[in-house]
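Comments concern the structure below.
The values are calculated or read from the model by the stated rules, or taken from the named source; none is laboratory data. Note that the structure is a prediction, hence the values are computed from the model and not measured. Cβ sites come from the backbone with ideal geometry, for glycine too, and all protein chains shown count toward neighbours. Each accessible area value is taken on the protein alone, full model and side chains, heavy atoms only, with ligands, DNA and RNA left out. Shrake-Rupley method; radii C 1.70, N 1.55, O 1.52, S 1.80 Å.
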Amino acid sequence: MNASDSTLYQIEAAGPAVAALGESPLWSVAEQCLYYVDIPKRQVLRLEPVTAELRHWQLDSEPGCIALIEGGGLAVAQRDGLWHLNTETGAQRQLAAAPFDSTKQRFNDGKPDAQGRFWIGTIDDARAPHAGLYRYASGCFESMAEGIVTSNGVAWSPDQRKMYWSDTKAHEVYVLDFDLATGAIGERAMFAKFAQRTAGEALDQYGGRPDGAAVDVEGCYWVAMFEGQRLLRLSPQGQVLRELRLPVRCPTMPTFGGVDLRTLYITTASEGRSAEELAAQPLAGCVLKVRVEVAGLAPNLLKL
Ligand SMILES: O=C1O[C@H](CS(=O)(=O)O)[C@@H](O)[C@H](O)[C@H]1O
């Protein structure tokens, strides 16, 4: 199959259109359900895929991303630090304070690696290049990279030898050598670069900027193109193998779920969109779902 073959896929809402900025979809293999966050509403949500039943937990500061913890519960990377959320009792307990000035930045996209370390990037509120990437292990944060605006797209190749990471504002996705045993990363190299929106360019002509991503068992990188109304599947060499056109302008991140990990769940945003766009795109703010041929990698668990 070639690029731009969305007509072959049935893309539909997995749940209600409630999110202002949905992010960090996370499939729980144990519970067979989807967790995600709504950043500005300060919520963690849990979507039951069969009934579309939704529940949520209210937080005190914005969550950027979440991870399942080995032994139970969720880790929530919030503006002011990393928190443990007990999803049975609702109890929240801080694990570590934010390792940056949380009046100017907040945590954004992140995931645990296959050894259970949590890699979490930040976003600069003023969209200045002061954001970075942190690694949380053994109770401590370590700065692993800096000097970007919007850290996003963290994922690993199936053999764990490559790590992917992006700067949404720069429209760039990077690939880095990754040492699973030590958690060390190499120099970043360009994996994929997308065109910036030019002055006066119609939104319909703009392809979007790389946001959250997920890797499938063939090592391909599925990336949500924020404001581009599409999801791309990139080969391990960074070439576009497939484009799925979406019914919403702002997809934020895909993840694989379902019993066979062949359902792609995609969070979306509705915040800041025009009334005209929202009227034309009633699924903005939904989690979308679409069945695909190639399974994804199951999420890694965070080790505390
Ligand atoms: O806050 C966020 O916003 C960005 C969108 S933007 O490029 O700053 O417009 C999105 O990529 C990011 O994931 C989200 O958390």
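Looking at the stretch 200-208, can you tell me whether even one residue there is more than 29 Å from Ser143 (Cβ to Cβ), in a helix (DSSP H, G or I) and acidic (Asp, Glu)? Among the residues of the stretch 200-208, at least one is more than 29 Å from Ser143 (Cβ to Cβ), in a helix (DSSP H, G or I) and acidic (Asp, Glu), which makes the answer yes. Figure legend. Inter-residue proximity from the stretch 149-173: first residues among the polar types (S, T, N, Q), second residues assigned to a loop (DSSP other than H, G, I, E, B) and more than 9 Å from the ligand (Cβ to nearest atom), beta-carbon distance below 6 Å, spacing 6+ or different chains. Indicated pairs: Ser157/Gly219; Gln160/Ala114; Gln160/Leu180.
Assess whether Ala155 counts as being in a strand (DSSP E or B), closer than 17 Å to Phe226 by Cβ and out of contact with any Ser or Thr (no Cβ under 9 Å at 6 or more places or on another chain). Considered against the rule, which asks whether it is in a strand (DSSP E or B), closer than 17 Å to Phe226 by Cβ and out of contact with any Ser or Thr (no Cβ under 9 Å at 6 or more places or on another chain), Ala155 comes out as yes. In this structure, is His130 more than 15 Å from the ligand (Cβ to nearest atom), surrounded by fewer than 24 Cβ atoms within 10 Å (Cβ to Cβ) and touching a residue at least 12 places away in the same chain (Cβ under 8 Å)? No. Taking strands (runs of 3 or more DSSP E) as the structural unit, those lying wholly within the stretch 30-112 and holding at least 1 residues that are of a type in the set (Val, Ile, Thr), within 16 Å of the ligand (Cβ to nearest atom) and open to solvent by less than 10 Å² (accessible area, probe 1.4 Å) correspond to 33-38, 43-47, 63-68, 74-78. Can you report the number of residues in the stretch 243-295 which are within 16 Å of the ligand (Cβ to nearest atom) and not hydrophobic (A, V, I, L, M, F, W, C)? Going through the stretch 243-295 one residue at a time, the tally reaches 15. Whether any residue in the stretch 274-281 is open to solvent by less than 40 Å² (accessible area, probe 1.4 Å), within 18 Å of the chain's Cα centre (by Cα) and not aromatic (Phe, Trp, Tyr) is what I want to check. Checking the stretch 274-281: not a single residue is open to solvent by less than 40 Å² (accessible area, probe 1.4 Å), within 18 Å of the chain's Cα centre (by Cα) and not aromatic (Phe, Trp, Tyr). Residue count for the stretch 163-191 satisfying the condition of being within 15 Å of Leu133 (Cβ to Cβ) and either modelled with pLDDT under 95 or within 16 Å of the ligand (Cβ to nearest atom) (or both): 10. In the stretch 10-29, of all residues being part of a loop (DSSP other than H, G, I, E, B) and over 16 Å from Ala284 (Cα atoms), the one that is modelled with the highest pLDDT corresponds to Val29.
Residue-by-condition table, conditions (1) farther than 23 Å from Ser151 by Cβ; (2) modelled with pLDDT of 95 or more; (3) within 11 Å of the ligand (Cβ to nearest atom); (4) surrounded by 24 or more Cβ atoms within 10 Å (Cβ to Cβ):
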site	(1), (2), (3), (4)
Gly212	no, yes, yes, yes
Val215	no, yes, no, no
Gly219	no, yes, no, no
Gln239	yes, yes, no, no
